[in-house]
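The values are calculated or read from the model by the stated rules, or taken from the named source; none is laboratory data. Keep in mind that what you see is a predicted model, and the values were worked out from it rather than measured. Virtual Cβ from ideal backbone geometry, glycine too; neighbours counted across all protein chains shown.
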Amino acid sequence: MGEMRLSAFDRLLREEPSSQLRFALPDGSLVPAHFHVTEVGHVEKRFIDCGGTRRSTAACVLQLWVADDRDHRLAAGKLSAILAMASDLLAGQDLPVEVEFERGVVSQYPVVGFERQQGLLLLHLGMKHTDCLAKDRCGIPLASGGSGSSCCGPGGC
């Protein structure tokens with residue numbers, strides 16, 4: 001399953017404007033139904049990998065927050081309107097959509113799918129993983145997740 005892009009995410013919200021939204025975490029548990037979307041951000045990361053290659057990533061990040069107002073529910077149309085307010089921040093880019101949520105620690109999860117149910121859109125969240133992006137320069141076999149060799153060069157870090 002790949003990450004959902006902003007164009008597909010917003011189209012889904014606009015197709016089901018009165019549907020309530022729920023988010024399923026990777027372990028199958030649900031974000032409480034009374035969550036708020038407190039931020040919509042265009043988050044960019046520029047970095048150099050361990051092989052010396054400059055790289056960048058960008059995403060549309062929705063921050064979810066749970067308060068004590070247990071009757072609060074967010075409909076898909078309302079989230080689409082919030083995304084429209086952020087359109088100048090998103091700069092017309094078809095970014096992958098991620099959710100930032102705190103459950104013990106703040107984590108980010110890519111939106112990887114959805115289910116339409118009676119009056120409900122259930123959005124599935126996936127996991128993010130670390131990786132060596134320069135396996136060929138680090139001596140790590142491409143089919144391997146790691147072999148104990150160092151990405152910092154022959155002398156180690």
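Could you tell me whether residue 44 is in a strand (DSSP E or B) and loosely packed, with under 12 Cβ neighbours inside 10 Å?
Numbers: in a strand (DSSP E or B): yes; loosely packed, with under 12 Cβ neighbours inside 10 Å: yes.
Against the criterion (in a strand (DSSP E or B) and loosely packed, with under 12 Cβ neighbours inside 10 Å), residue 44 qualifies.
So, in segment 1-41, of the ones that are part of a loop (DSSP other than H, G, I, E, B) and among the polar types (S, T, N, Q), which residue ends up farthest from residue 117 (Cα to Cα)?
If we take residues in segment 1-41 being part of a loop (DSSP other than H, G, I, E, B) and among the polar types (S, T, N, Q), then 29 is farthest from residue 117 (Cα to Cα).
So which strands (runs of 3 or more DSSP E) are wholly in segment 75-131 and hold at least 2 residues that are free of Cβ contacts under 8 Å to residues at least 24 places away in the same chain and of a type outside the set (Phe, Trp, Tyr)? Please lay out each step first, then the result.
Numbers: elements: 97-103, 105-117, 120-125.
Result: 105-117.
Please tell me if residue 11 is surrounded by fewer than 15 Cβ atoms within 10 Å (Cβ to Cβ) and not hydrophobic (A, V, I, L, M, F, W, C).
Yes; evaluated as a whole, the condition is true for this residue.
Take residue 64 and decide whether it is assigned to a helix (DSSP H, G or I) and either at pLDDT 95 or above or in the same structural domain as residue 115 (by TED's automatic domain parsing) (or both).
Details: assigned to a helix (DSSP H, G or I): no; either at pLDDT 95 or above or in the same structural domain as residue 115 (by TED's automatic domain parsing) (or both): yes.
So residue 64 fails the test.
Looking at segment 42-64, I want the residues that are farther than 27 Å from residue 10 by Cβ and have a partner that is in a loop (DSSP other than H, G, I, E, B) with Cβ atoms under 6 Å, at least 6 apart or on another chain. Which pairs are those?
Matching pairs, first to second residue: 49/133; 49/134; 50/134; 50/151; 51/134.
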